[in-house]
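Colleague: Below: one structure in structure tokens.
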There are 2 protein chains.
Amino acid sequence: MTRVFIYDTTLRDGSQGEGVNFSLQDKLLLTRRLDDLGVDFIEGGYPLSNPKDFEYFQAVRELPLKRAEVVAFGMTRRKNSAPETDTCLKALLDARTSHVTIVGKTWDFHVTEVLNATLAENVKMIADSIAFCKSQGREVFYDAEHFFDGYKANPAYAIETLKAAESAGAAVVILCDTNGGTMPEAVAAAVADVKSKLKCEVGIHCHNDCELAVANTLSAVRAGASQVQGTMNGIGERCGNVDLVSVVANLAIKYRRDVLVPGSLGRLTEASRYVYELANMNFRPGQPFVGQSAFAHKGGMHTHAVAKNPNSYEHIDPVVVGNERRVLVSELSGQSTILTKTAKYAVANDKAVMGKILTAVQDLEYAGYEFEAAEGSFDILVKKAAGLYTPWFERVAYRVNIEQGAGGPVTEATVKLRVAGATAHTVSEGDGPVNALDAALRKALLPHFPRLDELQLVDYKVRVVNAKAGTAARVRVVIECRDGTAVWGTVGVSENIIEASWIALADAIEFKLFKDQEDAADGRPGGA
Amino acid sequence: MTRVFIYDTTLRDGSQGEGVNFSLQDKLLLTRRLDDLGVDFIEGGYPLSNPKDFEYFQAVRELPLKRAEVVAFGMTRRKNSAPETDTCLKALLDARTSHVTIVGKTWDFHVTEVLNATLAENVKMIADSIAFCKSQGREVFYDAEHFFDGYKANPAYAIETLKAAESAGAAVVILCDTNGGTMPEAVAAAVADVKSKLKCEVGIHCHNDCELAVANTLSAVRAGASQVQGTMNGIGERCGNVDLVSVVANLAIKYRRDVLVPGSLGRLTEASRYVYELANMNFRPGQPFVGQSAFAHKGGMHTHAVAKNPNSYEHIDPVVVGNERRVLVSELSGQSTILTKTAKYAVANDKAVMGKILTAVQDLEYAGYEFEAAEGSFDILVKKAAGLYTPWFERVAYRVNIEQGAGGPVTEATVKLRVAGATAHTVSEGDGPVNALDAALRKALLPHFPRLDELQLVDYKVRVVNAKAGTAARVRVVIECRDGTAVWGTVGVSENIIEASWIALADAIEFKLFKDQEDAADGRPGGA
């Protein structure tokens, strides 16, 4: 099986997508998840462009990655200058990654009209920049921006820029369909021509402006490209980059290529949804391979035939990509995922408990819950099903009041709990309703559980579950928490955002209390 | 230019999509719109399957269609029976259309395992059914279900079924990739082989399970297919049918084929959105050609180059497909972005106003605002800087109270406004604080501005701006609204989620009021 190397640029090109905005913490979490998935290269950002990307490259060095190489992205040096004094190249090297990707111009029109440089100077810019990074001990990938447009307009010049990159030491030359306007047969012909003229490896980077990014990418691989650049779920500017999820699934299943690591394919669906959660985007139900509707059967003729033989209306077994079949008859869903997640509880062999868990997950998902980014809540759900759950506190009532008059808004929350056999009734102000509730809860609980002091709320996200009904629809709140040793997410769903927040907040606190109890039982030291 | 005939099955195969449900009235409206767009054939439904489809065929005869032929869909006769007594074929003929489409089995496995028929009987079922409909004066299209799977498993038998259809009088034989699992080069090879063996016209019907439906369709057309079946926006079962919007745009622009009628291409965006409206689905921002983000530019380097020459990062002029360029305001973009965005206000030459706008955007971005999904708020910001803003109402105070005791949470909001010189003081309950505030605001404003009734909240998203400070951090609320003619986003940022929601809600309402005022000034008719 020929290896195809997967180069993920979700964190860089993906973040150019409309409405996509990753925090530093998001970027680090996603890096770990992509590494787990077996991605070969992770383009972490463009260190010169903003301070967040710069901080990322400092922080990412502390992550215990298994196999992925983190790559910093930058441009060729400015015209009429030396690479040694170029601020962009300096920032690129300061990122201290083993690999860097340098983007340069291929299209003569762009060189003269956008850069205002001569064609010869552009070739020198490419060669100088790559040679300089090589001399500083970096492995260099060269992104040939607008390659296919340039190749169409002036093939000799386009090839000349690639040869300059190769001679300067680029390990891989990546052909970019930057504007996404090229047809698959043109991609195949150009890649084959480049392969015949260069000795180095060739990569492909496609955009989806004609809904052909996947076809173009596969076409390039068939013509000899060995590196594929893209983003998870195809997020990215305009119509997005190529969706690595579809590319990986097609390469592995349809073309029998060696991609990612053994076992990755079965985690594609979970990984796709994790990225949506981090990016605070809605899942796309019809997304090929991993969408919730990708193996959903509605037509009577289809569901009947599928019940008889799934092959009849499914091109692959959904389990292969970690997805599941959905038909009118309710089925025990996501078994393999849930089995994996419950393995540590030693309940996987208990059919009754497993049945309870599956039913609970189905009911909650139907109500709008998603557990992909809420392992804390899932953990509590399993404990409940397995009879291992005793509540740490019980809610009697709460009230939140927000008043806005002449000054700023004033928020006050009261909570009334049963905890350790007594009633705790506390009140607190806060910067907003969730902050006020959190403060009142802590006031009530801290005397009993001093280690709650270590609990920090890291992120808070809200999404409408059924967007059709406006503000009256249900909202899903996802809260991310941490203490000194772990990070976990919890989820709450309600028509009322305050109630949904309460549910997630209460789960977050209970997860922390269970965690401390289990750590103590294991003899692990507490706290940070 | 070779003609490619467009066969729309939005009303039949599209309605198999999860959550898609057209009323009879919707179906008739969509038929007229598709006819206007220049679609050649409109598959209206499956008359046997439900009474609505049967009624549709009665009602559609009254429509004054310009060119489209309405087609009824049905299956081959049951096994071991005569076509004359077959209820499905009877219903098909009772639809009284000039054209009918009959679907039959091509894949030997389906014949024996799903139909439980012999291979010979299936060939007879195809031939009998087509010959019977021909004898009743119908033009017949034959949909070869699972053609590509059948051709792979047993090519001789697959071709035999097609030949039977041709001999029985089918005008077009349509090769269906029913399960959506075939790769483009396999589609091309199979279509070429069929073309060499049949004399009748060949069509193509693709599904998007591998994200290759558009590529497969184009591949088939290049190999000689002259009819393309698909749905508007690619709605349909599982991952959907091929999106006719992308197919039409690619065929017309990239392959210079003759499709639809002159002028159609410029109405594609409008037509796509109309279908979403009818189906009560949200637009897909990244949809190729017609999505709101399809020509949206965010990266600073990109926006700068696009301002200089749109060709540099656009594969086509958005006007060609009736779409428009959008420049997103974000941390990744510089001054040139804002200059481009304000061009329509004729303030771009006023240095003082531009200075005010730039400062305001910078200050607000620093405070956590983002305008890329909030054109409504940006619009109001520009109006304020340009001295074109008079508030429609002023807030005196509000209060929101959420109480959770033994029952579900109860939310009540009061608002006190100055509007049209008087004080409006209203109260409302709601499903949550934002819903309650929205309801109270409407109660106060509707008597003054009845067209606010058209305003619908479509989506509501919340994110923490500085994720490091937990719930005490600022939150950014983005609200998406629509009326009968437009969709717009607004944004609010505050430490308090309720206050942030208020800001976004107030902007959304003001944007609607300004919009109605401007429409009235332009003499445009109001509302839906």
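Colleague: Within the group A:415, A:419, A:382, which residue is among the hydrophobic types (A, V, I, L, M, F, W, C), in contact (Cβ under 8 Å) with a residue 40 or more places away in the chain and in contact with a Phe, Trp or Tyr (Cβ under 9 Å, 6 or more places away or on another chain)?
Modeller: Of the residues listed, the single one that is among the hydrophobic types (A, V, I, L, M, F, W, C), in contact (Cβ under 8 Å) with a residue 40 or more places away in the chain and in contact with a Phe, Trp or Tyr (Cβ under 9 Å, 6 or more places away or on another chain) is A:382.
Colleague: Right, another one. For residue A:400, are the conditions met, namely being outside any loop (DSSP other than H, G, I, E, B) and either at pLDDT below 85 or crowded, with 20+ Cβ neighbours inside 10 Å (or both)?
Modeller: Here the answer is yes, as residue A:400 does meet what is asked.
Colleague: State whether one or more residues within segment A:387-395 are modelled with pLDDT of 90 or more, outside any loop (DSSP other than H, G, I, E, B) and in contact with an Asp or Glu (Cβ under 8 Å, 6 or more places away or on another chain).
Modeller: No: zero hits.
Colleague: Another question about this same structure. Residue pairs, Cβ under 6 Å, 6 or more apart or interchain, first in segment B:501-518 and part of a helix (DSSP H, G or I), second polar (S, T, N, Q). List them.
Modeller: B:504/B:490; B:507/B:377; B:507/B:490; B:508/B:490
Colleague: Step by step: first the residues of segment B:363-379, then only those that are modelled with pLDDT under 80, of a type outside the set (Gly, Ala, Ser) and under 29 Å from the mean Cα position of the chain (by Cα), then the one that is surrounded by the fewest Cβ atoms within 10 Å (Cβ to Cβ). Which residue is that?
Modeller: B:370
Colleague: Filter segment B:38-56 for residues that are within 14 Å of chain A (Cβ to nearest Cβ) and not charged (D, E, K, R); which is nearest to residue B:231 (Cα to Cα)?
Modeller: Of the residues in segment B:38-56, the ones within 14 Å of chain A (Cβ to nearest Cβ) are B:45-46, B:48-50, B:53.
Of the ones still in play, those that are also not charged (D, E, K, R) are B:45-46, B:48-50.
Working: B:45: 13, B:46: 15, B:48: 21, B:49: 19, B:50: 20 Å.
In this case the residue turns out to be B:45.
Colleague: Same structure, new question: Name the residues in segment A:229-255 that are under 14 Å from residue B:183 (Cβ atoms) and outside any helix (DSSP H, G or I), would you? Show your work before the answer.
Modeller: Going through segment A:229-255, the residues under 14 Å from residue B:183 (Cβ atoms) turn out to be A:246-247, A:249-255.
Scanning segment A:229-255 gives a single hit, A:255.
Colleague: Which number in (1) under 25 Å from residue A:175 (Cβ atoms); (2) at pLDDT 95 or above marks the one condition that residue A:20 misses?
Modeller: The single condition residue A:20 does not satisfy is (2).
Colleague: Testing residue A:392 on (1) in contact (Cβ under 8 Å) with a residue 40 or more places away in the chain; (2) surrounded by 23 or more Cβ atoms within 10 Å (Cβ to Cβ); (3) touching a Leu at 6+ places or on another chain (Cβ under 6 Å), one condition comes back false. Which one is that?
Modeller: (2)
Colleague: Condition test on residue A:277, is it within 11 Å of chain B (Cβ to nearest Cβ) and either of a type outside the set (A, V, I, L, M) or outside any strand (DSSP E or B) (or both)?
Modeller: Details: within 11 Å of chain B (Cβ to nearest Cβ): no; either of a type outside the set (A, V, I, L, M) or outside any strand (DSSP E or B) (or both): yes.
No: the conditions fail for residue A:277.
Rundown of residues vs (1) of a type in the set (Gly, Ala, Ser); (2) touching a residue at least 40 places away in the same chain (Cβ under 8 Å); (3) under 16 Å from residue B:230 (Cβ atoms), yes/no style:
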site	(1), (2), (3)
B:138	no, yes, no
B:150	yes, yes, no
B:156	yes, no, no
B:177	no, no, yes
B:195	no, no, no
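Colleague: With the requirement that a residue be surrounded by 17 or more Cβ atoms within 10 Å (Cβ to Cβ), assigned to a loop (DSSP other than H, G, I, E, B) and under 25 Å from the mean Cα position of the chain (by Cα), what does segment B:25-84 give you?
Modeller: B:38, B:39, B:40, B:46, B:68
Colleague: Let me ask you something else. Looking only at strands (runs of 3 or more DSSP E) that lie completely in segment A:404-490, which have at least 2 residues being among the basic types (Lys, Arg) and facing chain B (nearest Cβ under 8 Å)? Show your work before the answer.
Modeller: Values: elements: A:410-419, A:422-430, A:456-464, A:475-482.
In segment A:404-490, A:456-464 are the strands (runs of 3 or more DSSP E) which contain 2 or more residues that are among the basic types (Lys, Arg) and facing chain B (nearest Cβ under 8 Å).
Colleague: Now for a different question. Output yes when any residue across segment A:260-274 is away from chain B (no Cβ under 14 Å) and of a type in the set (Asp, Glu), and no when none is.
Modeller: Checked segment A:260-274: at least one residue is away from chain B (no Cβ under 14 Å) and of a type in the set (Asp, Glu).
Colleague: Would you confirm whether any residue within segment B:422-430 is over 22 Å from residue B:498 (Cβ atoms) and at pLDDT 90 or above? Don't jump to the end; show me each part of the working.
Modeller: The initial filter retains those residues of segment B:422-430 that are over 22 Å from residue B:498 (Cβ atoms), namely B:422.
Filter once more, keeping what is at pLDDT 90 or above: B:422.
Looking through segment B:422-430, at least one residue is over 22 Å from residue B:498 (Cβ atoms) and at pLDDT 90 or above.
Colleague: If you don't mind, another one. Under the condition of being in a loop (DSSP other than H, G, I, E, B) and not polar (S, T, N, Q), which residue from segment B:214-228 is nearest to the chain's Cα centre (by Cα)?
Modeller: As a first pass, look at segment B:214-228 and keep what is in a loop (DSSP other than H, G, I, E, B): B:223-226.
Going one step further and asking which of them are not polar (S, T, N, Q), we end up with B:223-225.
Numbers: B:223: 29, B:224: 29, B:225: 26 Å.
Once the filter is applied, the top-ranked residue is B:225.
The values are calculated or read from the model by the stated rules, or taken from the named source; none is laboratory data. Computed from a prediction, not measured in an experiment: that's the story for all the values here. We place every Cβ from the backbone using ideal geometry, glycine too, and count neighbours over all the protein chains shown.
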